[in-house]
Amino acid sequence: MIKINDQISIAEWELSESFLRSSGPGGQHVNKASSAVQLRFEAQRSPNLPSDVKVRLRKLAGRRWTKDGALVISAEEQRSQQVNRETALRKLTELITEACVQPKRRIATKPSRSSQRKRMDAKTQRGAIKAKRGTVRRDDI
């Protein structure tokens with residue numbers, strides 16, 4: 001059981017790990033060791049996640065969210081499989097924690113009358129400057 005916060009915890013059956021060969025340089029050992037970790041969390045089927053958290057999690061996950069509602073997180077930064085497992089779990093918990101935070105609703109405000117006046121005066125002034133940039137006639141020279 002992985003505890004995210006006071007209300008949310010993830011059961012072991014919701015997670016599955018697969019180990020792959022890591023990309024990049026690594027010498028002779030790279031072709032033998034499967035140190036990269038791919039963590040799969042069945043988020044859509046999870047009974048522990050509230051529906052609003054699932055919606056925000058899907059938005060935050062982006063391409064990591066699969067069509068069947070699973071969240072796939074990869075970790076291959078380190079050469080150690082254990083460290084990569086811990087990194088993938090940390091990424092998952094951070095993502096779910098971020099999805100738990102409900103965004104503040106924006107309160108629409110109306111611009112003040114003086115700020116509207118200042119904006120219109122600035123536009124008029126700028127327009128006057130541009131109007132002076134006319135073509136030069138021979139009799140003006």
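List of remarks:
- Relative to the longest principal axis of the Cα atoms of the chain, the long axis of helix 51-61 lies at roughly 80 degrees.
- Entry note, the chain: the mean residue ellipticity at 222 nm calculated from DSSP H runs of n ≥ 4, each adding -39500 (n - 2.57), is -12000 deg cm²/dmol after division by the residues and rounding to the nearest 500.
- Projected label points at Arg105 and Asn48, each 7 Å from Cα along the beta carbon direction, are separated by 3.1 nanometres.
- With θ taken as phi - 60° and the Karplus curve 6.51 cos²θ - 1.76 cosθ + 1.60 applied, the whole-hertz 3J(HN,Hα) list for the stretch 74-83 is 10, 9, 9, 5, 9, 7, 8, 5, 5, 5 Hz, x standing for glycine and proline.
- Förster-model FRET efficiency, 22 Å R0, Ser16 and Lys91, C-beta, rounded to 0.05: 0.90
- Partners of Lys132 within straight-line reach, counting aspartates and glutamates whose Cα lies under 19 Å from its Cα and excluding those fewer than 8 residues away in the same chain: Asp121, Asp140.
- Shape analysis of the chain based on the Cα gyration tensor places the equivalent ellipsoid semi-axes at 55, 27, 12 Å, largest first.
- Hits among aspartates and glutamates - C-alpha to C-alpha of Lys59 under 18 Å, sequence gap 8 or more where chains match: Glu42, Asp68, Glu94, Glu98
- Cβ-to-Cβ counts within 10 Å put Arg117, Arg133 in ascending order as Arg133, Arg117, the fewest first.
Read the figures in this text as sums done on the coordinates, not as results from a lab. Here the structure is a predicted model, which is why all the values come from computation and not from measurement. Don't worry about glycine lacking a Cβ; one is built from the backbone with ideal geometry, like all the others, and counts go over all protein chains shown.
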